[in-house]
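Report on one structure; see the data block that follows.
The values are calculated or read from the model by the stated rules, or taken from the named source; none is laboratory data. In this text, all values refer to a predicted model and were calculated from it rather than measured experimentally. Cβ placement follows ideal geometry from the backbone for every residue including glycine, while neighbour counts extend to all protein chains displayed.
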Amino acid sequence: MYQFLTGFMFWVSVSIFFIGLFVRFIFYFTGLNWRLDRVAYKSYPFYGIKGALKSVFKWLFPFLTRVWRKHFFITIASFAFHVGAVIVPFFLLAHNVFIRGKLGIFHSIILNQLTADILSWLVVIGAVILTIRRIVLPQARILTRGYDYFILFLAVAPFITGLCARYEVGNYSFWLYSHIIFGEVFLIAAPFTKLSHLVLFFASRIQIGMDFEIKRGGMKSKNGMAW
Amino acid sequence: MYSGKLCSKEPVKTKEQLQALLKDTRGKTYYKEMQNLEVDTDLLWKTIQTTLNSRIKTWLEICSRCGICAESCFLYLANDKDPTQIPSYKIQSTLGEIIKRKGDVDNAFMQTAMETTWGKCTCCNRCAMYCPNGIDTGVMFSYLRGLLYQQGFVPLEMKIGAGMHRIYYAQMDITDEDFIDTFEWIVEEYEKDYQGLKVPVDVKNADIMYTVNAREVKYYPEDLAYAAILFNLAQENWTVTSKGWEETSLAMFAGDWEACKIQVKHVYEAMERLKPKRMIGTECGHAHRATVIEGPYWMGRKDGKPPVESIHYVEWVAEALRTGKLKINPEKRIKTPVTIQDSCNYVRNGGLKDITREIISYIVEPGYFVEMEPCGENNFCCGGGGGFNGIGIYRNHRNKGLTVKRDQIIKTGAKLVLAPCHNCWDAIRDLEEEFKIGIKWSFLKPLLIDMVEIPESMKPAS
């Protein structure tokens, strides 16, 4: 079982994840159409790149945009959730050791145990807050479907099971297997579900940044769009 | 497939059809016929398949459904934070649902979608600035307008407006002769006050070709005279065109993309015929959006630009004041608390926030200008954009929506609201009529006329 999950399934899930997301990212841009979108994407490369970079950068860090400043609480919860969710899987020591076994690659940036614990807990706490927010706030509740909770669950399950394994709550093997399975389910699901926002967030922000910069006044206002 | 005499999938193509629609008071027959209009689901799905590309597909898919966009929408705020007014909800329950059902929707669905599309969104694009995923719901509603228009589910006034462009190349029944006659007549009226005042028609290779909003011709001809006076005072080499003089596009509000192209092609042909150095459009937001920002794409112009450099009137005013072509008498600067309404179409979607503030620095006595909160790109829609002002059946929706702008204005303490945009001007006039908050509102031209210095050569002969 362990062999199967960490062997065949590891390769399958990782391949689907990276190839799938890469394909979705590429297809997003090949699917754009300057005439239908009414944006001269290729005519003004300088402004296009400037608008795209600004649009991504400003939203990638907390409190740089008006929205992030205005919605203080959700900004904290959302960044806590996302930062841990991105960093821990890549820089956790255990993952690194595992990857070295597989690929022979070992990168030098490793999270120490305390940081990894904190980041993982922030993911779980962030997910809890985001879930409560969806239940409590009318503007989130009306929009939320079962699917949205399912996606949140897919994202947080590897962390919950990972923490249970790390603290050896009850049966260690059970949590380890669960962790691997949920991790692989996440990797396989990402390109086909809303989890694709992992890359499509960047794609969409690049497009809207170019849109405002090239077409909607970016060339005329002093600082471009005031995100 | 059922087709009403007034309400059908066919666009207006004749003057008789237009007259019949205009005679239908409050759209009684039109909306009655709409009850029986069938949805051509095959056409709907086929259209979506050929026009829906990765941008909108992705927006609908990756929407986090977090509701952060809620407070970006003035209609959500105006309607006591009604969750059904959240941009994401509005688009997911209409366009999102149509796509999910592969176009298999019925008459009742389409009528609800029509109400949401024209009665709950002005396509101001403010939500685009507030979505972490960069989702522009206004753009999606603009797309949905096209789908609904194709199926005949469009408010009466929008159908008429688009029809006007198809027949008159103008948003109302003003012929080319009416335009020139009115312009020449009103300029004559002012000739005695400004020596040498004239309106040059069809002059080739002029520095400026001036385009207008047909409403000015029909309802506010003084505006044409003011434009002529200011161009003459600035000693500009300008002209109007006898064909292609209308800059607006109600077809854009209607989602009649074919008529959009017909209209803007007419204006571009005038540019190509007269070859002016620049085209300057009047104080209208959506006219600028249609002819300068979106128009090039309807015409398939790869550089996204009209055939000649085209600017908004506020850009010319700022330039004329900056370069001294127009000189303001400092004694006559505005000395009353004043604020400005930022037109969504040329501020958020056209980058002209700084330009309008520059004008204010010349015409308002320091200390009297008060910004709205929020302002600039973040300002709210006036409450009447995207065709909202003109749609009878959604008048109550519109009036409710005006409360956000009303409260913003009250908070500034301003007694005068600058509104260099026809839709904004109308909305602010209507909000004053509706709520009586004791304000005045104005385009820039009448204010400038009162405060510019007149060179000796143009002063009336004594």
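Summary of computed values
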item	result
Top-ranked residue in the range B:222-244 [being part of a loop (DSSP other than H, G, I, E, B) and touching a residue at least 60 places away in the same chain (Cβ under 8 Å); ranked as surrounded by the most Cβ atoms within 10 Å (Cβ to Cβ)]	B:G244
Tally of residues being under 21 Å from B:E61 (Cα atoms), crowded, with 16+ Cβ neighbours inside 10 Å and not small (G, A, S) across the range A:40-66	2
Evaluation of B:N345 against (1) assigned to a helix (DSSP H, G or I); (2) farther than 30 Å from B:F153 by Cα; (3) within 14 Å of chain A (Cβ to nearest Cβ) (one fails), failing number	(2)
Residue within the range A:47-58 that is over 15 Å from the mean Cα position of the chain (by Cα) and away from chain B (no Cβ under 14 Å) present	yes
Residue satisfying all of: in the range B:109-123; of a type in the set (S, T, Y) and under 17 Å from the mean Cα position of the chain (by Cα); farthest from the other protein chains (Cβ to nearest Cβ) among these	B:T117
Single match in A:H82, A:H95 (criterion: in a helix (DSSP H, G or I), out of contact with any strand residue (DSSP E or B) (no Cβ under 9 Å at 6 or more places or on another chain), on the phi < 0 side of the Ramachandran plot and within 12 Å of another protein chain (Cβ to nearest Cβ))	A:H82
Filtered residues of the range B:88-104 (kept if touching a residue at least 40 places away in the same chain (Cβ under 8 Å), more than 10 Å from every other protein chain (Cβ to nearest Cβ) and assigned to a helix (DSSP H, G or I))	B:K90, B:I91, B:T94, B:L95, B:I98, B:I99
Flag if B:F183 is in contact (Cβ under 8 Å) with a residue 60 or more places away in the chain, of a type in the set (F, W, Y), closer than 27 Å to B:L18 by Cβ and surrounded by 19 or more Cβ atoms within 10 Å (Cβ to Cβ)	no
Elements of type helices (runs of 4 or more DSSP H) in the range A:1-67, at least 3 residues being without any contact (Cβ under 8 Å) to a residue 60 or more places away in the chain and more than 30 Å from B:P306 (Cβ to Cβ)	A:8-30
A:F91 being among the aromatic types (F, W, Y) and at pLDDT 90 or above	no
Filter result (outside any helix (DSSP H, G or I) and either crowded, with 16+ Cβ neighbours inside 10 Å or of a type in the set (A, V, I, L, M, F, W, C) (or both)) within the range B:21-52	B:D24, B:L37, B:V39, B:D40, B:L52
Number of the exception - B:R289 against (1) over 17 Å from the mean Cα position of the chain (by Cα); (2) in contact (Cβ under 8 Å) with a residue 60 or more places away in the chain; (3) in a helix (DSSP H, G or I)	(1)
When residues of the range B:326-342 are limited to those that are buried (at least 23 other Cβ atoms within 10 Å of the Cβ) and of a type in the set (S, T, N, Q), the one nearest to the other protein chains (Cβ to nearest Cβ)	B:Q341
Residue among B:E247, B:E309, B:E269, B:E283 that is surrounded by fewer than 22 Cβ atoms within 10 Å (Cβ to Cβ), away from chain A (no Cβ under 13 Å) and in contact (Cβ under 8 Å) with a residue 12 or more places away in the chain	B:E269
Hey, B:T211 touching a Ser or Thr at 6+ places or on another chain (Cβ under 8 Å) and outside the structural domain of B:D106 (by TED's automatic domain parsing) or not	yes
Residue that is in a helix (DSSP H, G or I) and more than 27 Å from B:P155 (Cα to Cα), where the choices are B:I393, B:I428, B:I355	B:I355
Residue ID - surrounded by the most Cβ atoms within 10 Å (Cβ to Cβ), chosen from residues in the range B:124-134 that are at negative phi and within 7 Å of chain A (Cβ to nearest Cβ)	B:A128
Members of the range B:362-378 that are on the phi < 0 side of the Ramachandran plot and more than 14 Å from every other protein chain (Cβ to nearest Cβ)	B:Y362, B:I363, B:V364, B:E365, B:P366, B:Y368, B:F369, B:V370, B:M372
Residue in the range B:207-219 that is buried (at least 22 other Cβ atoms within 10 Å of the Cβ) and farther than 30 Å from A:R35 by Cα present	yes
Qualifying residue in the range B:75-83 (condition: assigned to a loop (DSSP other than H, G, I, E, B), more than 9 Å from chain A (Cβ to nearest Cβ) and in contact with a Gly (Cβ under 6 Å, 6 or more places away or on another chain))	no
Residue that is surrounded by 18 or more Cβ atoms within 10 Å (Cβ to Cβ) and in a helix (DSSP H, G or I), where the choices are A:F202, A:F150	A:F202
